[in-house]
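J.: Sharing a structure below in structure tokens format, with a few things to ask.
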Amino acid sequence: MTRVFNFSPGPATLPEAVLRRAADEMLDWHGCGMSVMEMSHRGKDFMSIFAETESLARELLAVPANYKVLFMQGGALGENAIVPMNLIGRTGKADYVVTGDWSKKSLKEAGKYGAARIAASGDASNFTAIPKQSEWKLDPAASYVHICSNETIGGVEYHWTPDTGSTPLVADMSSNIMSRPIDVSRYGVIYAGAQKNMGPSGVTLVIVRDDLLGHALPITPSAFNYQVQAENESMYNTPPTYAIYIAGLVYQHIKASGGLAAMEKHNAQKAALLYDFLDESRFFTNKVAKADRSLMNVTFWLKDAALDDEFVKGAQARGMVQLKGHRSVGGMRASIYNAMPAEGVKALVAYMKDFEARHA
Ligand code: PMP
């Protein structure tokens with residue numbers, strides 16, 4: 001068996017130890033005679049898996065007691081509708097900070113449920129920088145302010161937490177959740193699809209402050225109503241049980257590896273290997289403002305796009321896959337989430353150096 005270095009933006013590489021443990025437990029979980037996939041979500045075995053997964057999510061992210069942790073379905077794009085359905089009804093208005101493709105999508109979707117407006121946009125920099133808070137035009141009557149904490153396609157990331165005063169801050173953290181410690185108390189709602197740093201696709205982690213429950217628009221489907229899901233401990237309908245179980249194994253792995261502080265250190269070191277090389281290269285470039293560079297998704301361009309295919313094929317031949325950038329921006333992208341080992345990044349940088357020497 002040969003595992004490749006998988007630089008996919010998501011679903012993304014998972015810790016090998018987690019996959020091995022899941023394989024060991026596949027047919028018979030802890031002697032109960034069945035797979036987690038086959039268990040009733042209301043039985044004591046799955047309930048114990050669920051309780052541990054939730055408690056680890058709370059512990060790793062230091063979630064305060066006045067927040068609910070929900071495991072939902074519909075992915076982050078589902079949350080683009082679920083957030084306004086649950087929150088916009090408070091005033092009918094919401095502010096969006098647009099920093100790339102994912103926040104653009106969030107804004108567009110919210111417009112179906114109320115008056116969603118742009119409070120700030122990175123368009124002047126062609127989305128290569130996060131607009132400074134001093135440039136934001138916030139509406140004091142907005143029900144919430146929405147940001148995307150890491151734009152997976154453009155590779156721009158907030159390395160600071162916006163201050164939105166008494167207006168709740170809502171963040172799509174799909175591609176940087178659990179990559180470093182965060183102060184949950186600064187947010188009203190945090191949501192993230194699991195398929196980058198937390199497990200397989202199919203489950204969305206949602207963290208909601210208690211006072212934001214109970215404001216859903218009447219059209220909100222019950223399964224997407226935060227209050228209904230909170231009252232039913234995420235089991236109003238059948239939750240994505242297997243995805244939750246794997247997320248729990250990933251959380252155990254993160255905890256055993258030193259928690260989010262250790263993830264932060266490891267991620268900063270990995271990203272520096274790539275950015276330092278990009279800064280000294282005369283052949284590869286990164287276009288993102290230094291202060292806003294993503295530690296999770298490193299975008300880069302070859303001097304000559306005609307060489308892109310050769311670069312991707314050469315990487316593949318060396319066991320490095322999924323490096324092609326998103327079709328909307330072109331170039332390359334190395335997604336280096338928690339589970340990407342430093343060896344993967346070192347192998348990529350060595351290959352890039354070699355490629356440059358051959359083509360410069
Ligand atoms: N937001 C961000 C930041 C993402 O990276 C993605 C997926 N790559 C999404 C939203 C959409 O997530 P999903 O496909 O789970 O709906």
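What follows is calculated from the coordinates using simple rules that are stated; it is not laboratory data. Just so we're clear, the structure is a prediction, and the values are computed from it rather than from any experiment. So basically every Cβ, Gly included, is an ideal-geometry build from the backbone, and we count neighbours across all protein chains shown.
J.: Treating only the Cβ atoms of Lys and Arg (+1) and Asp and Glu (-1) as charged, compute the dipole magnitude of the chain about its Cα centre; round to the nearest 20 debye. Walk me through the numbers before you get to the answer.
T.: On the way: 36 positive and 37 negative charges, 114 e Å.
Here the size comes out at about 540 debye.
J.: So if I take the centroid of the Cα atoms in the stretch 276-337 and the same for the stretch 61-137, what is the distance between those two points in Å?
T.: 27 Å
J.: Further, regarding this structure: Taking the mean number of other Cβ atoms within 10 Å as a proxy for protection, how do you rank 267-277, 203-213, 349-359, 142-152 from highest to lowest? Intermediate values should be presented prior to the final figure.
T.: Working: 267-277: 17.2, 203-213: 21.1, 349-359: 14.8, 142-152: 27.3.
In decreasing order of mean packing, 267-277, 203-213, 349-359, 142-152 become 142-152, 203-213, 267-277, 349-359.
J.: Something else now. Would you list the membrane-span-like helices of the chain, meaning whole DSSP H runs whose alpha-carbon atoms span at least 18 Å along their axis and whose mean Kyte-Doolittle value is at least 0.5? The partial results should precede the final answer.
T.: Details: long enough: 44-61 (25 Å, 0.13); 241-256 (23 Å, 0.71); 259-280 (32 Å, -0.22); 342-359 (25 Å, -0.20).
Both cut-offs are met by 241-256.
J.: Which ordering of LEU302, LEU138 is given by a fewest-first count of other beta-carbon atoms within 10 Å? Numbers along the way, then the final one.
T.: Values: LEU302 21, LEU138 17.
Ordered by Cβ neighbours within 10 Å, fewest first: LEU138, LEU302.
J.: Could you derive backbone 3J(HN,Hα) for the stretch 190-199 from the dihedral phi with the Karplus parameters 6.51, -1.76 and 1.60 (θ = phi - 60°), listing whole Hz in sequence and x where the residue is Gly or Pro?
T.: 10, 9, 7, x, 7, 6, 10, 9, 10, x
J.: Kindly write out, for the stretch 143-152 in residue order, the coupling ³J(HN,Hα) from the Karplus curve 6.51 cos²θ - 1.76 cosθ + 1.60 (θ = phi - 60°), rounded to whole Hz, with x marking Gly and Pro.
T.: 6, 6, 10, 9, 10, 10, 5, 8, 7, 4
J.: Also, quick follow-up: Between MET235 and LYS93, what's the calculated FRET efficiency when r is the beta-carbon distance and R0 is 30 Å? Round to 0.05.
T.: Numbers: r = 33 Å, r/R0 = 1.09.
In this case the efficiency is close to 0.35.
J.: Could you give each residue of the stretch 162-173 its phi-based ³J(HN,Hα) in whole Hz, using Karplus coefficients 6.51, -1.76, 1.60 with θ = phi - 60°, and x for Gly or Pro?
T.: x, 10, 10, x, 8, 7, x, 8, 10, 10, 7, 9
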